[in-house]
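Worksheet: one structure, shown below.
The values are calculated or read from the model by the stated rules, or taken from the named source; none is laboratory data. Since this is a predicted model, take the numbers as computed values, not measurements. Virtual Cβ from ideal backbone geometry, glycine too; neighbours counted across all protein chains shown. Heads up: the accessible areas ignore ligands, DNA and RNA and are worked out on the full protein's heavy atoms, side chains in. Shrake-Rupley method; radii C 1.70, N 1.55, O 1.52, S 1.80 Å.
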Amino acid sequence: MRVLGVESSCDETGVALYDTEGGLLGHAVHSQVDMHEAYGGVVPELASRDHIRRMVPLLRRVLAEAGSSLEELDAIAYTAGPGLAGALLVGASFATALGMARGIPVLPVHHLEGHLLSPLLSRNPPQFPFVALLVSGGHTQLMRVSGVGDYELLGESLDDAAGEAFDKTAKLLGLGYPGGPALATLAESGRPGRFKLPRPMLHSHDLDFSFSGLKTAVLTAVRERPLTESDKADLAFEFQEAVTDVLAAKSLSALATCRLDRLVVAGGVGANRRLRNRLDERAAKSGARVFYPELELCTDNGAMIAFCGAQRLLAGAVAGSDGKFAVRPRWPLAEC
Ligand code: KG4
Ligand code: ZN
């Protein structure tokens, strides 16, 4: 079965072709980062318009890379939410129109489920069940994943998501958008012990998170005195330590709670090298193993949507071919 995946929930347009026998045959992503940079964040209307411009060229590229054609598609999966309404509508209407033209089923997919299952696309995929740490720009969640569609929420952020905290802190330090990767790079030249930042909810005896206080603590440090470039690097270092400390500790607690030894990390912050090192170190100590998606599949992409759609179809999901579609900008994964 060949499934085309279409992602347009935020500021990346992604198209990919996944074959249940041949694996990932092609995938292409266009990032809008350069376009939004001037505004310091994503401008929804510009995002929607750019998705429209990119869809067909990306589709052509993927089909060429895969040596495939529209005639060989068996189904189309698109991100139906959560995300920006206008941006989601571009992918949804594109996928639906293509599905109608070809007379093949079209399946709405939950963006976070796509992230959650993306490590299964890697060369050494984990077996079910596992604990998943989902860390993106909009979500920070720990989940017990027993199988496709079988997800139990163990804990989540009560305020800012980890990626959001990275982005907001980066802004406070005068770094561009998106701030996460820029802050991580700056932190590499930072020195330990120069600033003291809290580890929010580290000892809360549950699996929830809170990151907004950390951002405020950085703001206080920034306001206290003018920061030199090396101060900023030290502060970035400490911020990254604080976030990764909490993420690693809670992930290990989640494994213990579930009596599992496989941890899967997904979402954009999963690309963070320091987080990966800390998780690997701590997991190794307790005999657990950590699985990551390929680096290029950490951030938003069409491959995870194609793959997720294929898994859903294999599990018996019924996809529509009646031309109806809907998007859900807010969509809790538990309702999926
Ligand atoms: O999963 P994703 O591409 O989009 C959402 O679904 O939100 O995640 C984007 C988030 C952004 O907040 C970005 O700053 C963060 O992931 N991010 C990182 C790194 N790479 C991306 N945060 C920290 N370190 C990184 N290396
Ligand atoms: Zn995402």
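Structure notes:
- Solvent exposure of the chain as accessible area per residue, Å², 1.4 Å probe: 43
- Over the chain, the alpha carbon radius of gyration divided by the compact-protein estimate 2.2 N^0.38 Å works out to 1.00.
- Residues in region 117-139 that a label on residue 249 would reach, taking backbone N under 20 Å of a point 7 Å out along Cα→Cβ: 132-135
- Counting heavy atoms of the protein chains alone, residue 74 has an accessible area of about 70 Å² for a 1.4 Å probe.
- Shape call, region 23-161: gyration tensor on alpha carbons, a/c limit 1.5: oblate
- Top of 322, 300, 11 by mean-square fluctuation, Gaussian network on the chain, Cα under 10 Å: 322
- Ordered by solvent-accessible area of protein heavy atoms (1.4 Å probe), largest first, the residues 209, 195, 325 come out as 325, 195, 209.
- Accessible area, probe 1.4 Å, largest first, for residues 69, 8: 69, 8
- Calculated FRET value between residue 216 and residue 64, using beta carbons and R₀ = 41 Å, to 0.05: 0.25
- Membrane-span-like helices in the chain (whole DSSP H runs, Cα extent of at least 24 Å along the helix axis, mean Kyte-Doolittle hydropathy of at least 1.0): 85-102.
- Most mobile listed residue (298, 308, 258) in the chain, GNM with C-alpha springs under 10 Å: 258
- Taking the Cα centre of the chain as origin and assigning +1 to Lys and Arg Cβ atoms and -1 to Asp and Glu Cβ atoms, the resulting dipole is close to 480 debye.
- Prolate/oblate/rounded call for region 163-303, Cα gyration tensor, a/c under 1.5 rounded: prolate
- Expressed as a whole percent, the accessible surface of the chain that belongs to carbon and sulfur atoms is 52, based on a 1.4 Å probe.
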